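One structure below.
The values are calculated or read from the model by the stated rules, or taken from the named source; none is laboratory data. What you are looking at is a predicted structure, and each value in this text was computed from that prediction instead of being measured. Glycine gets a Cβ as well: all are built from the backbone with ideal geometry, and neighbour counts include every protein chain shown. Just the protein is used for accessible areas: all its heavy atoms, side chains included, with ligands, DNA and RNA removed. Shrake-Rupley method; radii C 1.70, N 1.55, O 1.52, S 1.80 Å.
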Amino acid sequence: MLVSGSGTNLQALIDRSGQDYTIGLVISDRPAVRAIERAAHAFIPWEIVEWPGDRGGFTRDVCDAADRAEVEALVLAGFMRILGAEALERFPSRVLNIHPSLLPAFPGRTPVADTLDHGVRVAGVTVHFVDERVDHGPIISQEAVGVDPDDTAFSLHQRLHEVEHRLYPEAVTALARGRLRIDGRKVIWS
Ligand code: GRF
């Protein structure tokens, strides 16, 4: 799993791991984040992969670390770096991301604030395969979350997180069981 921050999705995936999948390595691009503490607490190996100054080198370092840990998929959760094409070549159809909006609405770094700024009534969560564009690949699952008139970014993100913590383990379990097939832009569940 690739993380940069608090790691609540990592925690949700840790809590559901064991039967269908295990987490072989947690990679963070920055030290001393809560996600690393969660990994250490669960006795999951973790590594800091620092930004070497270019995306190609960073992607290679991440993939090499993942290969050394013999993992089969890269699962991004709050990872604040964009991986290069090499990750998709080395883990084809095996790179997942979660995003707190109903993509293709509000891609990018500030989806929750953008949702509120836009005044939309329905927010949501998307789990998707990563492709060469940011927050863009084939959609695995989505769920809507209503926006309350007095929501702040914090209160809305909290409700989005609750949905994330259910959807992401479901999606990773489905991937591990071989239940997800990509057909063009669509993901077929079996
Ligand atoms: C989540 O809302 C995720 O959708 C987004 O970044 C946030 C990460 O939260 N990509 P956490 O680190 O898993 O708590």
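A few points about this structure:
- Where residue 17 falls short, out of the listed (1) under 28 Å from residue 177 (Cα atoms); (2) away from the ligand (no atom under 16 Å from the Cβ): (2)
- Residue check, residue 110 crowded, with 17+ Cβ neighbours inside 10 Å and within 14 Å of the ligand (Cβ to nearest atom): no
- Residues that are among the aliphatic types (A, V, I, L, M) and within 16 Å of the ligand (Cβ to nearest atom) within segment 38-59 comprise 39, 40, 42, 44, 48, listed in sequence order.
- Test result for residue 93, touching a Lys or Arg at 6+ places or on another chain (Cβ under 8 Å), among the polar types (S, T, N, Q) and at pLDDT 95 or above: no
- Scanning segment 24-37 for residues that are over 13 Å from residue 65 (Cβ atoms) and either touching a strand residue (DSSP E or B) at 6+ places or on another chain (Cβ under 8 Å) or within 9 Å of the ligand (Cβ to nearest atom) (or both) yields 30, 31, 33, 34, 35, 36.
- Residue count for segment 43-83, restricted to those that are hydrophobic (A, V, I, L, M, F, W, C) and open to solvent by 60 Å² or more (accessible area, probe 1.4 Å): 5.
- The residue that is most open to solvent (accessible area, probe 1.4 Å), among those in segment 9-23 that are in a helix (DSSP H, G or I) and not charged (D, E, K, R), is 11.
- Condition check for residue 124: within 14 Å of the ligand (Cβ to nearest atom), crowded, with 18+ Cβ neighbours inside 10 Å and touching a residue at least 60 places away in the same chain (Cβ under 8 Å): no
- Unique match (being hydroxyl-bearing (Ser, Thr, Tyr) and surrounded by fewer than 17 Cβ atoms within 10 Å (Cβ to Cβ)) among 93, 155: 155
- Test: residue in segment 173-190 that is on the phi < 0 side of the Ramachandran plot, open to solvent by 50 Å² or more (accessible area, probe 1.4 Å) and within 13 Å of the ligand (Cβ to nearest atom): no
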